[in-house]
1. Out of the residues in segment 356-402 that are touching a strand residue (DSSP E or B) at 6+ places or on another chain (Cβ under 6 Å) and small (Gly, Ala, Ser), state the one that is farthest from Leu464 (Cα to Cα).
2. Taking the residues in segment 412-428 that are open to solvent by less than 30 Å² (accessible area, probe 1.4 Å) and over 24 Å from Ser367 (Cβ atoms) as candidates, determine which candidate is nearest to the chain's Cα centre (by Cα).
3. Go through segment 501-536 and give me each residue that's open to solvent by less than 70 Å² (accessible area, probe 1.4 Å) and under 30 Å from Lys601 (Cβ atoms).
4. Against the condition modelled with pLDDT under 95 and in contact with an Asp or Glu (Cβ under 9 Å, 6 or more places away or on another chain), how does Tyr573 come out, does it pass?
5. Kindly check whether there is at least one residue in segment 133-152 that is part of a loop (DSSP other than H, G, I, E, B), touching a Gly at 6+ places or on another chain (Cβ under 9 Å) and among the hydroxyl-bearing types (Ser, Thr, Tyr).
6. Among the candidates Pro215, Pro179, Pro188, which residue alone is modelled with pLDDT of 95 or more and open to solvent by 20 Å² or more (accessible area, probe 1.4 Å)?
Amino acid sequence: MCEMNKRNLFIVAGLLTSFAAGAQAGLYTLASVPEALRAKATVVTHLEEVKYEIESLDKTTYSIHKIFTVVNAEGKDALFFNEYSSKSVSLEDAEIRVFDGNGKQTDRYRKKDMTTVATGEGLIEDGYVTYYRITPPSYPVTVELNYVLKIKSTLNVPDYRFIHPKESILSSTYTAKVPAEMNLKYKPVNTTIQPIITEEGKYKLYKWAVKDLAPLEYEEGAVSPRSRYPHIALSVDQFSHYGYKGDFSSWKNFGVWINNLYTGLDELPADRQQFFVNLVKDVPEQREKIRKIYTYMQQNFRYVSIQLGIGGYRPFSATFTDQKKYGDCKALSNYMNAALKTVGIQSHVAIINAEFNQEPVDPDFPSNNFNHVILCVPGQKDSIWLECTSNTAEFGVLGNFTENRNALLITENGGVLVPTPKSHASSNVFTTRTTVSLSDDLSGISETLIQASGEYRETLDNILKEKKDRQKEAIVFYWGFKQPDEFILTKEGETATLKMAFSKIPEFNAGDKLFINPRMNKLWSSRLPKSENRKLDYYFRYPFEVRDTTIYKLPAGSKPDILLKEKELKCDYASFNSKAWYNEQENAVYVATALILEQYKIPASDYAAVKKFFDDITQEDAQKLVVKKGEAPKKAF
C-alpha cells in the first residue's frame, strides 16, 4: 500500500526538551484520578498540550507535551515511541521520562538512545523511522513525552485526535497558530467542541480543549478508530508540498495539483506502444482489451512500496516502470493508464483511502485523507475499476480494500470525487461440492470441487501458492473442513479440486449408529461479539454467498437412520437454508446448504438480531446425521 497520508507524519510518540512540567510529572499518579476516569481505562492522560504553528506554506512546527499513565499491560502499545522523518519532516531532539507507580523517576531517554532505521524496503532510502519501546518492570507506569517536528509542508495538517481506544482524558488542548491571511478549515467529527479563536499580531489562534473524558469502550467489529473516535478534522485552504503549491478550496482544485505531478509520466517508448497494440489487435471488445492488458501487467510486474517523488505523490514514469518491472501503487496505476492509452482507451488514476473498515472520505471537506492509488476506466454504463498492485485480484473487482469508498478521479480538468462500487453478496461466492466415500472401517476419502469469486477467489489463489503445511491450516481453520490425514489441492481453469483422506469420517459412533457432521466444511464458524449495549455499527469483512453440497456414499448395507430436517433461517440482512435427502439408488445421503449475507455493514440497532441468526447457524451446524451401520459382508473361505 502506498503511504500518502498524514498518519505516518503525526503519530504521537516522541519529545523534545524537558518542559517545566517535567519536574512535576512524578506528581501525576493514578491515586489522583477520579474513579470514573480510571474504570475501564488502560491509559490515563493527565495532561496533553498539542501545538501546531504555520510560519509559511513551507514552514510549520508541530509539538506535543504529554503526561500519561499506562494502567496495565493491556495499554502497553502506548509505551512504543515511533516517529517518521523524511526530507520534509525533521524530528528534533526527543525525550522520554519514565516514572514508577509512586511517582519516582526511573528512566530518561533522548533521541540518541533510540533506534533510527532507513525506510524503503531495502531498495531506496526515502526517510527514517525513530523508535523506542519502554519496558517497565511493573504497572502502573507514568510517562512524560515531549517532541517537536519541523515540517516543510502544509499538505497535511495534523487532526486533533484527543482520545484513543480505552484511554481517559483529564486535560487536553490543541492550539493552531496560522497567519491571518490563511484560512484554517476545521470540522468536528463525532463531537461538538468548537475552538476559541483569538488574534496575536499577524496570526490567528485556534484553541480546542477537552477535560474529564471517560474511556470509550472498545466494540469488536466497529469501524476503524480513526473514523469512529471523536476528533477535529483540520486542513488549510492553500498549501505547499516540496515547493509545489495547491489548494483545498475544492476537490477539483486538489485534483489539479495531483494531475500536475503526473503530467508527462504516462508515455511509453514507440516499441512498447507497438507491443500493446499487437497484444490486443485480435481482441474486438474494449472490455476484453482492458482485461488482456491488465492480465499482462499482473503476470509481469510486482508491487514494491517506494515512497519517492514529491514526498510519495509523484509516480515513476511509465518507461521506468516498464524497464524495472516493479512499482508502487501510483507507479503501477500510472503504467496501466499509459498502456491503455497506447490502444486508444482512456483511463484515470484515482486516489483513495484504502484498508478494510474505512469510512468514505467526507465529500464536504476537501483534504488529503488518501493513502492509495487505483485506476478507473470510465464507461457509459459501468466503469471498470482496477487494483494494479495485486497479482491475484480478479479483473474489475476491487474487494474490501477499496470498495464502498469515495475515490478522487484525477482528470486533465482536475479532481472528481466519485463512489467506488458497492460490494454485493453475488461478488463474493464460495461454492463447494464434496463427495465422501465411507468405508466399512469408518475411514473414507473425499473429493471437493471448489469454485470461488471475488474475495474468495483471491484467497484461494493465495492458498494455492503456499507450502503444504500452510495449505492444511487454511483448509481447516479458514474453510472449516474436517482435518484430513492426507490431502492434495490443485486448480485447473476456474475449478479447484481438494482430495482428502480420513482415518475416521464419523465424529463418533455408538453401537451400530454412526454420527456424522452434515457437511465436511462449516459454512460459518466464527463467533460474533456480544450484542448487549451495542452502540456502534458492526462490519463484516464483505457480503458473501457460501453454498455447499455434501454427498455421503454409504457402505453396502448401511442406511440413514435420522436425516436432518429442512431448515430455513432469516433476518433482515442474511438467509440460511439446508436440506437433506436420501438417494436409495446410489445409497447416498445428500445435504445442500446455502448461507447468504446481503450487507456487510450492520446498524447497531439491528446487530442483536444478526448475532442471533449466526448463533442459530452455529447450533444447526452442530447437528448430526445418524447412519445405521450395516453388517460387514462375510468373507468367503
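The values are calculated or read from the model by the stated rules, or taken from the named source; none is laboratory data. Keep in mind the model is a prediction, meaning the values are calculated, not measured. Don't worry about glycine lacking a Cβ; one is built from the backbone with ideal geometry, like all the others, and counts go over all protein chains shown. Each accessible area value is taken on the protein alone, full model and side chains, heavy atoms only, with ligands, DNA and RNA left out. Shrake-Rupley method; radii C 1.70, N 1.55, O 1.52, S 1.80 Å.
1. For segment 356-402, the residue satisfying everything is Ser367.
2. Step one: filter segment 412-428 for residues open to solvent by less than 30 Å² (accessible area, probe 1.4 Å), giving 414-415, 420, 423, 425, 428.
Next, from what is left, pick out any that are over 24 Å from Ser367 (Cβ atoms): 423, 425, 428.
Values: Ser423: 15, Ala425: 19, Asn428: 17 Å.
Per the stated criteria, the residue is Ser423.
3. Within segment 501-536, Arg519, Asn521, Leu523, Trp524, Ser526, Leu528, Pro529, Ser531, Arg534, Leu536 qualify.
4. Working: modelled with pLDDT under 95: no; in contact with an Asp or Glu (Cβ under 9 Å, 6 or more places away or on another chain): yes.
Against the criterion (modelled with pLDDT under 95 and in contact with an Asp or Glu (Cβ under 9 Å, 6 or more places away or on another chain)), Tyr573 does not qualify.
5. Initially, segment 133-152 is screened for residues part of a loop (DSSP other than H, G, I, E, B), giving 134-140, 152.
Narrowing the set further to residues that are touching a Gly at 6+ places or on another chain (Cβ under 9 Å) leaves 138-140, 152.
Filter again for among the hydroxyl-bearing types (Ser, Thr, Tyr), leaving 138-139.
Within segment 133-152, one or more residues are part of a loop (DSSP other than H, G, I, E, B), touching a Gly at 6+ places or on another chain (Cβ under 9 Å) and among the hydroxyl-bearing types (Ser, Thr, Tyr).
6. Unique residue meeting the criteria: Pro188.
Rundown of residues vs (1) modelled with pLDDT of 95 or more; (2) among the acidic types (Asp, Glu), yes/no style:
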position	(1), (2)
Gly415	yes, no
Val418	yes, no
Pro421	no, no
Thr432	yes, no
Thr435	yes, no
Asp440	no, yes
Gly444	yes, no
Ile450	yes, no
Glu455	no, yes
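For every residue, the table says whether it meets (1) hydroxyl-bearing (Ser, Thr, Tyr); (2) closer than 14 Å to Tyr262 by Cβ.
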residue	(1), (2)
Tyr294	yes, no
Asn300	no, no
Tyr313	yes, yes
Ala318	no, yes
Tyr326	yes, no
Ala331	no, yes
Tyr335	yes, yes
Ala354	no, no
